[in-house]
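J.: My questions all concern the structure below.
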Amino acid sequence: MAVERHPTEWTPGDDHHGAFNTEVMSGISSPQTTKAHSKRRKKLSADEAVDGVLSGNRTILARAITLVESRNEQDQKTAREVLRRCLPHAGKAKRVGITGTPGAGKSTFIEYLGLQLCNANQRVAVLAVDPTSSRSGGSVLGDKTRMEELTRHENAFIRPSPSGGTLGGVAAKSREAMLLCEAAGYAVILIETVGVGQSEIAVRSMVDFFLLLQIAGGGDELQGIKKGVIEMADAIAVNKADGDNLRKAKMACVEYKRVLHYLSPFTPDWTPTALTCSAQTGEGVEEIWQMVSDFCAILEKNGALDQIRSQQNRQWLHSLLKEAVLQKFFSQPSVCQNLPVIEQQVERGELPVVEAVEKVLSL
Ligand code: GDP
């Protein structure tokens, strides 16, 4: 389901008529288009961004996220101020991560659940973490034909994965986008990810509830699934439990329940379970949402939610710090100059690796 262009800013217009307010970039923009673009749109100031986000304006929210994603130094400075001022207003949403192999029905599930919540007057933001999006053109949420109805709903805000950079970088941007969505009053944040590389771990570390969407296989349910992903899940939903597939889905569900029984729960005070659902007919989706609500209620009551989020923040600090330190270290002129020479000495066996490390660090 490849798309040729990657939308950088994709949200329904604030006119609430369902028109896309799409800003599409085709990869390389010519000086003329850049000029036309800057003429068309003045850069958002921090005050405008904060006011717009806090008043729940979707167009400004989308532009504030674009600022956060920008690599331009001035944009980054503005983004930092916006985030700092929005942060006290964030943190009130239910944060739910949804993972599953391509074709498991994540988009269909999010569309169904999102519409139910939006129709019940809840504001729902859908974000994505897809580290491959710059290569694939954004298969997750990058295709506008997905979640068509939800995209048009006035209570929904949908944002594809930021593209480019390391998984850490992509996830950091999505995390900041989540905080801005919360400050804009979105009560539910759904974060979709495909099981690529470590992206599930990144999403797990930014959400409260982590849902693994599965489909019934040929009987051997655990084939091809990373065990680590099951261990991170707060629940497994066997999707496509409809029509001829219903029996198979129920059997798979029993199998997952059995497996979960032997694993230690990821979230303290919560016993993960497996359920069946059909994102197409909607059967079972309400029960899944009820479970998420119960989860949040239990964890809020016993204070675990605050603890988990504080811990996530601390982990986040450390992981960003590590990335920044590495980048700073390797971009130092003395390291850039001398590392190739030391590398060659190691390659030729002239210098023991441990000594080489000491040498590089002393640079
Ligand atoms: P994703 O790649 O995980 O986002 O999967 P999609 O949501 O794009 O769904 C993949 C295919 O499965 C589509 O053709 C959907 O129409 C179909 N699908 C999704 N959920 C269900 C379901 O509950 N039942 C049935 N029968 N088909 C479904």
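J.: Just to verify a number: FRET efficiency for LEU87 and LEU246, C-beta to C-beta distance, R0 = 51 Å, to 0.05?
T.: Once the sixth-power term is evaluated, E becomes 0.65.
J.: Assign unit charges at the C-beta atoms only (+1 for Lys and Arg, -1 for Asp and Glu), then state the dipole size of the stretch 236-320 relative to its Cα centre in Debye, rounded to the nearest 20.
T.: Its charge dipole is roughly 320 debye.
J.: Sticking with this structure for a sec: Ranked from highest to lowest mean number of other Cβ atoms within 10 Å per residue, what is the order of the peptides 348-354, 320-326?
T.: Descending packing order for the listed peptides: 320-326, 348-354.
J.: Determine, for each peptide in 61-70, 167-176, the mean count of other beta carbons within 10 angstrom over its residues, then list the peptides with the highest first.
T.: My ranking of the peptides, most packed first, is 61-70, 167-176.
J.: I'd like the Karplus ³J(HN,Hα) series for the stretch 330-335: coefficients 6.51, -1.76, 1.60, θ = phi - 60°, whole numbers in Hz, and an x wherever there's a Gly or Pro.
T.: 6, 9, 5, x, 5, 5
J.: Considering only protein heavy atoms and a 1.4 Å probe, what is the carbon-and-sulfur percentage of the accessible area of the stretch 290-363?
T.: C and S fraction of accessible area: 57 percent.
J.: Could you list which residues have their amide H under 5 Å from that of ALA237, counting only those 5 or more apart in sequence or on another chain, with H placed in the peptide plane?
T.: Amide H neighbours of ALA237, under 5 Å, 5+ apart: LEU212, LEU213, GLN214, LEU275.
The values are calculated or read from the model by the stated rules, or taken from the named source; none is laboratory data. Keep in mind that what you see is a predicted model, and the values were worked out from it rather than measured. Every residue, glycine among them, receives a Cβ derived from its backbone with ideal geometry; neighbour counts consider all protein chains shown. Accessible surface areas use protein heavy atoms only, side chains included; no ligands, DNA or RNA. Shrake-Rupley method; radii C 1.70, N 1.55, O 1.52, S 1.80 Å.
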